[in-house]
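See below for the structure under consideration.
The values are calculated or read from the model by the stated rules, or taken from the named source; none is laboratory data. If you're wondering where the values come from, they're calculated on a predicted model, not measured in any experiment. Methodologically, a virtual Cβ is constructed for each residue, glycine included, from the backbone with ideal geometry; neighbour enumeration extends over all protein chains shown. To get the accessible areas, we keep the full protein, side chains included, count just its heavy atoms, and leave off ligands, DNA and RNA. Shrake-Rupley method; radii C 1.70, N 1.55, O 1.52, S 1.80 Å.
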Amino acid sequence: MSDDGLLRIGREIFLAALGMPLDDVDTWVIDRLTSILDEQELHAGQTLFTARAPVEFVYFMRDGAVRFTRDGAPPWTLRGRWFLGGFDAVGDRLATRTATAVGDFYGMRVSAVAWLEMLEDSFQLARSAVANGSRALSRLEERIPSGAPRSHREAPFFEAPPGTLGLVERLAILLSVRLLRGTGVQALADLAAVSRQVGFGAGEVIMERGIEGEDLILVVDGDVRAEREGPAVGRHYGPGDLVCGAAIMGGVADVWQARAMTTVRGVSFPIDALFDLMEEHFDLVRSTLAAVGARRDLLLEHLASESRDLILT
């Protein structure tokens, strides 16, 4: 077999080990992805990216360790198999922390521009990125049993008028949700068109444990309490929150149960409708991944503040 053939097989095995669903991805995607990946021998002390600087490359790490630091903040270390820099790249933001190799390890990298082009050209890859990122975020949430930090809001949530919510009101509500904020109006208008108003009385079950969620429920007003067992984790959701949003998008919501603590009014839309619109509107993919990345950073900051030297595997 040629050196190129061996190289391709090695890269495919590497990506499969990182959880990439190669059996479900078109051959051209694998051909292109393996062609733009560069093998990297990373050494202890080497900087992958620097805080407050653009992310030029994203990295696939296997069996390595990278330490993330920022002046005036506690550090954390990612050890094992990780995809590094992807959320910064897709969110078109500067690196939030400096990433430094802890020891020598083998990895692969691709330019941030090429990675975004791959996501835009292959919805299979984009959907996998959203699902895997959401699933990883859900697992991170499980590390904080209670008292998790609230996500930052750059703009106030739309105060909906009482009573029935028409299409215009539902669109205005969706426009103020962080997950959707970077999306064009047309995509949100289409999402508003397939959404519906829902209501729950105090004590009523909104999500049943053991049943995988098929709809995302956005709280318009009221208070929702969600719980899972093994580990025991509790969350409150209020206006502007998607009930167990990361778990539903990641396909791991069946371990959660959510109940209305007060009278709750919400807007519901099918998760499949959201993914269908992502296929047509790449800005919705970017907006979703940017929101997942922002929430991930917030949780990591919280966990790092609770630990002297946080190590995630």
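Listed values, structure above:
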| item | result |
| --- | --- |
| Subset tally (residues that are open to solvent by less than 40 Å² (accessible area, probe 1.4 Å) and either touching a Phe, Trp or Tyr at 6+ places or on another chain (Cβ under 6 Å) or not in a helix (DSSP H, G or I) (or both)) for the range 258-280 | 8 |
| Condition check for residue 142: among the acidic types (Asp, Glu), under 19 Å from residue 248 (Cα atoms) and either out of contact with any Asp or Glu (no Cβ under 9 Å at 6 or more places or on another chain) or open to solvent by 90 Å² or more (accessible area, probe 1.4 Å) (or both) | yes |
| Residues being within 12 Å of residue 234 (Cα to Cα) and not aliphatic (A, V, I, L, M) - total across the range 129-149 | 6 |
| Output for the range 147-174, where each listed residue is open to solvent by 50 Å² or more (accessible area, probe 1.4 Å) and either farther than 21 Å from residue 248 by Cβ or at pLDDT 95 or above (or both) | 147, 152, 154, 156, 158, 159, 161, 162, 164, 167, 168, 169 |
| Residue count for the range 228-257, restricted to those that are closer than 18 Å to residue 142 by Cα, more than 17 Å from the chain's Cα centre (by Cα) and not hydrophobic (A, V, I, L, M, F, W, C) | 10 |
| Filtered residues of the range 23-39 (kept if hydroxyl-bearing (Ser, Thr, Tyr) and either open to solvent by 70 Å² or more (accessible area, probe 1.4 Å) or not in a helix (DSSP H, G or I) (or both)) | 27, 35 |
| Members of the range 48-65 found to be open to solvent by 70 Å² or more (accessible area, probe 1.4 Å) and either touching a helix residue (DSSP H, G or I) at 6+ places or on another chain (Cβ under 7 Å) or not in a loop (DSSP other than H, G, I, E, B) (or both), listed by number | 56, 62, 63 |
| Residues (in contact with a Lys or Arg (Cβ under 7 Å, 6 or more places away or on another chain), farther than 23 Å from residue 128 by Cα and either β-branched (Val, Ile, Thr) or open to solvent by 30 Å² or more (accessible area, probe 1.4 Å) (or both)) located in the range 66-95 | 69, 70, 77, 94 |
